[in-house]
Amino acid sequence: MRIHYSIKPLDLASHRFTVQLTITQPDPAGQILQLPCWIPGSYLIREFARNLVHISASCAGQAVTLEKRDKSTWQAAPCPGPLTVSYEVYAFDLSVRGAYLDQTRAFFNGTSVFLQVKGQEHLPCHIELNAQDFAAGSNWQVATGLKAESIDEAGFGNYVACNYDELIDCPVEVSDFASVEFEACGVPHRMVISGRHQADLARLSRDLKAICEYQIHLFGEPAPFDRYLFMTMAVGDGYGGLEHRNSTALICNRSDLPQAGDESITPAYRQFLGLCSHEYFHSWNVKRIKPATFAPYDLQQENYTTLLWAFEGITSYYDDLCLLRSGLIDLDTYLQLLAQTATAVYRGYGHQRQTLENSSMDTWVKYYRPDENSPNELVSYYTKGALVALCLDLHIRQQTQNRKSLDHVMQALWLRYGRDFDQHGRGVGEQEWEALAAEVSGLDLQDFFDRALRSTEPLPLSDLLDHIGIEMQERPATGSNDKGGWQESLSRPALSWGCRYSTDAAGIKVSHVFYEQAACRAGLAAGDVIVAIDGLRANTTLLERLFATPSAAQTHVLHVFRRDELMQLRLVPDIAPADTIGFQIKKGSSQQEAENLSSFTGN
């Protein structure tokens, strides 16, 4: 017995799919149907049912009543079966989380388009994609992690998932995409890229192969999948990724992709490789090693855990580290990337006010809904989680004389929780992650975790890096585009107004105001537009020239529009805080420090 879905474009111009769901043996009491409220890997209630319209049901040619029970649940009247449910889905979300349809591309995650048949989630699901239904898209092909049953050369035909969970964890790309294939540790891998681009596919496959093979070796062969698919949408301005069990959906700037004839690792291409590395690492860490609260997911409500620092933060730590260890970037470049991560944490007040465990718990209402006050109250479990992972790795290495590391903890997590997850279905309990780290390392890690996860005390980053011969620098930013990195010569102290801003047609628009800093004391608020400074028309060039003048005692008169009301404020700048981080290899490192560094980098 199977659940059968057929999906096809209804109208490309109005971005609508039509889906037909057939249930052979519906619940005699009246079949309940639900659409997920969120998608695993993106921890926000997204209300996908808002895009489902014109739903109807029939049995043996007769209409069957559907009662809507809540925002994402319907119940059919009792019928002997088979029950056929037809509905439309509006699809115009160009992110990796939803569904999209126009004249150039069809893409969907199952959470956006496939209703769940309550009580029959364990049954195999059959998916039909007919070529004639997609004929309006010239030269379109299909790419998906779903298992093919009978398909043509372009990938159209019939697919099967072993259950509903697998069905919604295998997104589908249908477009005139470019494609390249390669093997990593004997496992077939494929990258498809839709959108306009001129990517060097051979170069891309070669670099991805290095990343994939390093990660497979890290956790140990065999890989947890028999094939893997990277699905990328190239656009003019975009960035993001979402992990799945044997695939990932990515979006990037077309300029991020490698260009023919250019063998360098540009910052943009490096960022794209880091994104691929991040999502690929999730194949182990969160897709199979997962929090107990995700085993299984409850897709109708929030699934709370304090462990996102471990699943997202540790993945963020390894994504760039894998580029280093696989030979794609050098140590200086890695330290530059690490400095940018640290700088992102140190700026703002969030790291002083929110613990990592609370950041994880609050993700459902804060992380994916940033506002003007977020830098004051929010710390990211991605960026600070990555720093905690680094500190934990270095702490274990230091205390065990490099006999143990975070690598060993991840391998133990894989063997105990991840490798056989499909058989035992057991996730990591809220206290079990820390207990396993202590068990593997042989160390008492209680004080470390209390400080790193349950307090806002500064991390011992500088001391731990010193042990491997890396020096840490804390300095003021040199300008609004300074994201971090080592500065050989520090300029004289600059000024700070304690706000973030952007160019506006009328002057300068304030986006964020930091607690207790100059802009806050002056009374500036997010959304204000500064139109004049000291009687001169305001613009960012004027403002940054004032920043470079180290005269903190000077008072500036600001004319500001708040909504449509003109205000006059007086602002006294502060000396810019040392919230920009840099790292470099210490000059004259000892032999022991060099050996520790070599152990860390894998060289």
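Could you say which residue among ARG270, ARG254 is under 25 Å from ASP330 (Cα atoms), modelled with pLDDT of 95 or more and touching a Gly at 6+ places or on another chain (Cβ under 7 Å)?
ARG254
Listed here are the residues, each with its yes/no results for (1) at pLDDT 95 or above; (2) assigned by TED's automatic domain parsing to the domain that holds PRO124; (3) surrounded by fewer than 21 Cβ atoms within 10 Å (Cβ to Cβ); (4) small (Gly, Ala, Ser).
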| site | (1), (2), (3), (4) |
| --- | --- |
| SER150 | yes, yes, yes, yes |
| TYR159 | yes, yes, no, no |
| PRO171 | yes, yes, no, no |
| HIS189 | yes, no, no, no |
| CYS212 | yes, no, no, no |
| GLN215 | yes, no, no, no |
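Does the range 209-223 contain at least one residue that is touching a helix residue (DSSP H, G or I) at 6+ places or on another chain (Cβ under 8 Å), among the aromatic types (Phe, Trp, Tyr) and not in a helix (DSSP H, G or I)?
No: the range 209-223 contains no residue that is touching a helix residue (DSSP H, G or I) at 6+ places or on another chain (Cβ under 8 Å), among the aromatic types (Phe, Trp, Tyr) and not in a helix (DSSP H, G or I).
Can you name every residue in the range 413-431 that is surrounded by fewer than 18 Cβ atoms within 10 Å (Cβ to Cβ) and assigned to a helix (DSSP H, G or I)?
Passing the criteria: LEU415, ARG416, PHE421, ASP422, GLN423, HIS424.
Among the candidates GLY479, GLY484, single out the residue that is assigned to a loop (DSSP other than H, G, I, E, B), surrounded by 14 or more Cβ atoms within 10 Å (Cβ to Cβ) and out of contact with any Pro (no Cβ under 6 Å at 6 or more places or on another chain).
GLY484
Looking at the range 127-185 only, could you name the residues that are farther than 18 Å from PHE108 by Cα, among the acidic types (Asp, Glu) and in contact with a strand residue (DSSP E or B) (Cβ under 6 Å, 6 or more places away or on another chain)?
GLU149, GLU181
Out of all the residues in the range 1-18, which are within 13 Å of HIS126 (Cβ to Cβ), in contact with a strand residue (DSSP E or B) (Cβ under 6 Å, 6 or more places away or on another chain) and not hydroxyl-bearing (Ser, Thr, Tyr)?
ARG2, ILE3, HIS4, ILE7
Considering only residues that are of a type in the set (D, E, K, R), in a helix (DSSP H, G or I) and either within 19 Å of ALA389 (Cα to Cα) or over 20 Å from the mean Cα position of the chain (by Cα) (or both), which ones fall in the range 323-371?
Passing the criteria: ARG325, ASP332, ARG353, GLU357.
Checking ASP579 against (1) of a type in the set (Asp, Glu); (2) farther than 30 Å from ILE470 by Cα; (3) in contact with a Phe, Trp or Tyr (Cβ under 9 Å, 6 or more places away or on another chain), only one condition comes out false. Which one?
With respect to (1) of a type in the set (Asp, Glu); (2) farther than 30 Å from ILE470 by Cα; (3) in contact with a Phe, Trp or Tyr (Cβ under 9 Å, 6 or more places away or on another chain), ASP579 is out only on (2).
Mind telling me which of the residues GLY110, GLY119, GLY145 ends up being touching a helix residue (DSSP H, G or I) at 6+ places or on another chain (Cβ under 7 Å) and not assigned by TED's automatic domain parsing to the domain that holds ALA234?
GLY110
Given (1) crowded, with 18+ Cβ neighbours inside 10 Å; (2) without any contact (Cβ under 8 Å) to a residue 60 or more places away in the chain; (3) farther than 26 Å from TRP38 by Cα, where does GLY98 come up short, assuming only one miss?
Result: GLY98 passes all but (3).
Can you go through ASP102, ASP93, ASP133, ASP70 and tell me which one is farther than 29 Å from MET231 by Cβ and of a type in the set (D, E, K, R)?
ASP70
Given the conditions (1) more than 26 Å from the chain's Cα centre (by Cα); (2) closer than 30 Å to LYS586 by Cα, report the number of the one that ALA505 does not fulfil.
If we test ALA505 against (1) more than 26 Å from the chain's Cα centre (by Cα); (2) closer than 30 Å to LYS586 by Cα, just (2) comes out false.
Tell me which strands (runs of 3 or more DSSP E) are completely within the range 1-91 and hold 2 or more residues being in the same structural domain as CYS170 (by TED's automatic domain parsing) and more than 32 Å from the chain's Cα centre (by Cα), or say none if there are none.
By residue number, 16-23, 52-59, 62-64, 66-70, 73-76, 83-90.
Look at LEU201 and say whether it is of a type outside the set (S, T, N, Q), touching a residue at least 24 places away in the same chain (Cβ under 8 Å) and either under 16 Å from LEU250 (Cβ atoms) or in contact with a helix residue (DSSP H, G or I) (Cβ under 6 Å, 6 or more places away or on another chain) (or both).
No, not satisfied.
Restricting attention to the range 362-374, which residues are surrounded by 18 or more Cβ atoms within 10 Å (Cβ to Cβ) and either more than 25 Å from PHE449 (Cβ to Cβ) or in contact (Cβ under 8 Å) with a residue 40 or more places away in the chain (or both)?
Within the range 362-374, THR363, TYR367 meet the criteria.
Mind checking which residues of the range 229-249 are farther than 17 Å from THR104 by Cβ, crowded, with 21+ Cβ neighbours inside 10 Å and either out of contact with any helix residue (DSSP H, G or I) (no Cβ under 6 Å at 6 or more places or on another chain) or among the acidic types (Asp, Glu) (or both)? First the steps, then the outcome.
Keep residues of the range 229-249 that are farther than 17 Å from THR104 by Cβ, which gives 229-230, 239-248.
Next, from what is left, pick out any that are crowded, with 21+ Cβ neighbours inside 10 Å: 229-230, 241-244, 246-248.
Scanning the range 229-249 gives LEU229, PHE230, LEU242, GLU243, HIS244, ASN246, SER247.
The values are calculated or read from the model by the stated rules, or taken from the named source; none is laboratory data. Just so you know, these numbers come straight off a predicted model, no measurement behind them. Every residue, glycine as well, gets a Cβ built from its backbone with ideal geometry; the counts of neighbours run over all protein chains shown.
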